[in-house]
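Before any comments, here is the structure.
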Amino acid sequence: MCIHQLNLLAASNNLPITNFLGKQHPIEAHHLSSICDIMEKAMVNGDTCIIRCILVVFQVVFKFFFSPQTERNRDIVRRSGLLLWQLLMAPKSQICPEIQKEVCLAIGSGLNILYPGEVEINNLLKLVLTEGERNSGLSQLRDVILTNLAEQLQNNRFGSEDDDHYRLNDELLHYILKIVVRESCILITKCQTVSKDEFQRLLSTVPAASSCLRYLMAVQNHLLSNTILIKPDENDDSDSSLQGETLKELKTSILALATQILTGCDEVLEMLQQVTTALINSDISDREQRLKGLEQITKATMLGHLLPVLLTSLMHPNLQTLTMADALMPQLVQLVLYTSQTALLLKTQSPVFSELGSSPSCTSEQKGKLFPDERMLEEKEEPGFLTGLKIPAPWAAGKTVETVHPVRDNYKFKETVHIPGARCLYLRFDSRCSSQYDYDKLVIYAGPNTNSRKVAEYGGNTLGYGSRSVLGTGWPKDLVKVEGDTVTFSFEMRSGREHNTPDKAMWGFACTVRAQESSEDVSGGLPFLVDLALGLSVLACSMLRILYNGPEITKDEETCQELLRSKLLQRCQWQVEANGVISPALTPSPSPLPLTIDEDREFTYPSDALVPPVGHYFDLPRIRLPPGIMIKLREISGLTVSSSLFCYNILLLLIHRVLSDAQSKNILQSLSSNNGRMIFVTIVLGIEMSDGNR
């Protein structure tokens, strides 16, 4: 037990003994071989005391004193692993639970020594995850390994060298999630299947999260916290920057994890709805207690540990992306339906609402029964799960400002309360407010500091001590109204306490600040499933807005807003070139296009019009222009020619009219290039937007 205590102390990184043990020389191979000899002899003799001691020694040796660098050391490690595995897989009749626990702790301590390769560790984890339910030893080993990984992952930074070691691959995460879903469904099913006494025992003990659920929570918190807390590079906000690459990798990991979690929550909610319906239709005596306790039990499942954190984090701007919305939207809609329907089922069984929907002719049996064709009440009776529920108003509770009780000599207190958006604030003082003398007073200012407008001041007491009087009209019994959204309290105890002054005469003050005059009752919160349904609905609406808005506008699109609004360019047929650039669809030279454009008929391109042009010369794209523009072009040119010659004649005429000789020469030379067509489009665009005087 002394060695076991030493191991527990060494597990703490904050104690000096950890540094001391870490600086010791590694143990030699023949010493570990002697330990294995003792273990083998104890196993043959069935000496449980020596076996437990050697297992604790293994834990300390693997953690601090052994490094399997030589071939002889590796042979000893394999021998130690076989002994530990032999103990772990022994029948229950041959091994006690305490020894089995120590074996799991020993393997967990020497996991990286016994299984040095990533493939070996993954194979071990796959074994304990798939066969853990059939073997208690493997199940206990699974819990030890996942608990250690969860603790290490919480202290690890994303992208570090050990991050991939602590964060398991997708296949193992899938196995863990299946276990968590099964555990959650079993826990919910117990609300229906266990006896009355067992159900009360289940409610009285808060179910601790399993090791698989804790590991999933650690992975989720690890990814989400790094994503939310990451700061963009002020000098480089592109996706190729270090922060951009890290954020992109985090989003990919979160999307994969969120998809699996939402899928698992969908199964658990389906089971919850089935159990709720079965309880409502049952005739058990404690049905109401079970329905009330069902929501409490649900909080102990993955619905309470994983889903609320995920929903809140997905509302962060770093995760409000089109990719995330497109992938998660179908699952969110399904979860909204399940949670809202189940919340409505539970709410309709509440005594408050069952009285509203009942009639004198209804029997007690008909009230409780929920027939298949009547699982939802009519809309006129119960429109939804929020009807009749009081939405919590955080501002209604107000904020309490108070001194210490009682106040001491030379005591000073100053605090400012700010409630954004409030037109005025209402102050309600405690009836016990008092100070020894009237100059031991509280001053209230309508503003953020003591330089603001003074509203009132209060001090003294009427208990017959000190000054035996109060300042002004005394401590207020009614509400005190302060204009604005900010109030400052400044209290100072200037007198020394007299020997006969009791505590009640030096109680100080306490004041509640609200943004509304009526002090309405503030509920402790919404029911869990109602709150979950609202959170899912808010997230779904946010994702719908992202899908509706589509991709964000790029800088190039902002720069080209005027061109994109052009009616002329909107009539073009566009194609994507090999380098990804979007350009008007060009017609190759041999294409049988008509020589003239029919202004009264919509033009259609041949099937080969979108083939990339061959050679340096090609025709300009055929664009159907309105008759008004065509008339203006003819008036300016004074010519009537075929469409190709007409376009080029108009272009030449405009170039000579608008530009200088040097500019005209440069423009004409560029017409033979691939970018020459854009000059023509730009000039014709000017004609389209002008008033026809050019």
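Order the peptides 323-329, 41-47 from the highest to the lowest mean number of other Cβ atoms within 10 Å of their residues. Intermediate results must be reported in sequence, preceding the final value.
Working: 323-329: 16.6, 41-47: 12.9.
The peptides rank, most packed first, as 323-329, 41-47.
Per-residue HN-Hα couplings for region 105-121, Karplus 6.51 cos²θ - 1.76 cosθ + 1.60 at θ = phi - 60°, whole Hz, x for Gly and Pro?
Per-residue couplings from phi come out as 5, 5, 5, x, 5, x, 4, 6, 8, 6, 10, x, x, 5, 5, 5, 5 Hz.
By per-residue mean of other Cβ atoms within 10 Å, what is the highest-first order of 172-185, 443-456?
Packing order, densest peptide first, comes out as 172-185, 443-456.
Can you run phi through the Karplus equation (6.51, -1.76, 1.60; θ = phi - 60°) for region 315-332 and list ³J(HN,Hα) in whole Hz, with x for Gly and Pro?
Rounded to whole hertz, the list is 7, 6, x, 5, 10, 8, 10, 5, 4, 5, 5, 5, 7, 9, 4, x, 5, 4.
I need the fraction of alpha carbon pairs in region 290-340 separated by more than 12 Å, rounded to a whole percent.
Details: 923 of 1275 pairs.
When every Cα pair of region 290-340 is considered, 72 percent fall beyond 12 Å.
What is the distance in Å between the Cα centroid of region 296-353 and that of region 545-560?
Here the two parts' Cα centres lie 29 Å apart.
Remind me, what semi-axes does region 398-514 give for its equivalent ellipsoid, largest first in whole Å, using sqrt of 5 times each Cα gyration tensor eigenvalue? Write down the numbers at each step before the final one.
Numbers: eigenvalues 128, 34, 28 Å².
Semi-axes, largest first: 25, 13, 12 Å.
Per-residue HN-Hα couplings for region 334-347, Karplus 6.51 cos²θ - 1.76 cosθ + 1.60 at θ = phi - 60°, whole Hz, x for Gly and Pro?
Each residue's phi maps through the Karplus curve to give 5, 5, 4, 5, 5, 5, 5, 5, 5, 4, 5, 4, 5, 5 Hz.
Please give me, ordered by residue number, the trypsin sites (Lys or Arg not before Pro) of region 81-127 that lie in loop per DSSP and have at most 13 other Cβ atoms within 10 Å.
Values: sites: Lys92, Lys101, Lys126; in loops: Lys92.
Within region 81-127, the qualifying trypsin sites (Lys or Arg not before Pro) (loop, at most 13 other Cβ atoms within 10 Å) are Lys92.
No lab work stands behind these numbers, since they all come straight from the coordinates. Computed from a predicted structure; not experimentally measured. Here Cβ is always computed from backbone atoms with ideal geometry, including for glycine, and neighbour counts include all displayed protein chains.
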